[in-house]
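Structure record follows, encoded as structure tokens.
The values are calculated or read from the model by the stated rules, or taken from the named source; none is laboratory data. Values in this document were obtained by computation on a predicted structure and should not be read as measured data. In this analysis, Cβ positions are derived from the backbone assuming ideal geometry, glycine residues included, and neighbour counts consider all displayed protein chains. All accessible areas refer to the heavy atoms of the entire protein, side chains included, with ligands and DNA or RNA removed. Shrake-Rupley method; radii C 1.70, N 1.55, O 1.52, S 1.80 Å.
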Amino acid sequence: QVQLVESGGGLVEAGGSLTLSCVASGTRLLLDYMAWYRQAPGKQPELVASRAPGDVTNYADAVKGRFAISRGNAKNTVTLQMNTLKVEDTGVYYCTTKFMGRNYWGQGTQVTVSS
């Protein structure tokens with residue numbers, strides 16, 4: 001059983017920055033795939049950024065050039081650096097990973113960008 005805990009959300013003005021962190025526990029194995037999704041009010045969840053084996057990264061078009069996903073210093077941690085935030089970046093951000101054929105999700109952290 002893998003547990004994911006996100007942190008770092010909050011309220012920020014448009015143009016500002018936030019850094020989200022996700023810590024995975026419950027396994028000693030390296031989690032090759034970790035990703036961030038977000039869900040805006042009234043919308044379906046969408047992929048924001050992912051990091052796959054070989055450190056291959058993928059970003060939603062809406063965040064390319066502004067967000068960066070990277071492995072944290074500790075094992076099975078991932079961060080999402082979010083710069084030049086826009087009002088439309090508002091939502092609940094979820095960390096997810098795949099392990100032994102299952103998808104695991106954190107509880108989410110709220111990001112609110114004010115105009």
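Some notes on this structure:
- When Glu6, Glu13 are screened for being closer than 16 Å to Ser114 by Cα and either surrounded by 17 or more Cβ atoms within 10 Å (Cβ to Cβ) or acidic (Asp, Glu) (or both), only Glu13 passes.
- The C-beta contact set for segment 88-115 (first residue in contact (Cβ under 8 Å) with a residue 40 or more places away in the chain and in a loop (DSSP other than H, G, I, E, B), second residue open to solvent by less than 40 Å² (accessible area, probe 1.4 Å) and of a type in the set (Gly, Ala, Ser), distance under 7 angstrom, 6+ apart or interchain) comprises Thr90/Ala40.
- Highlighted here are the strands (runs of 3 or more DSSP E) found entirely within segment 1-84 that include at least 1 residues which are within 15 Å of the chain's Cα centre (by Cα) and among the aromatic types (Phe, Trp, Tyr): 34-39, 56-59, 67-71.
- The lone exception for Glu46 - which of (1) over 14 Å from Val5 (Cα atoms); (2) touching a Ser or Thr at 6+ places or on another chain (Cβ under 8 Å); (3) without any contact (Cβ under 8 Å) to a residue 60 or more places away in the chain it fails: (2)
- Pairing residues of segment 7-23 that are within 27 Å of Tyr104 (Cβ to Cβ) with residues that are crowded, with 16+ Cβ neighbours inside 10 Å and of a type in the set (Asp, Glu), at Cβ distances under 6 Å and at least 6 apart in sequence or on separate chains, gives Cys22/Glu6.
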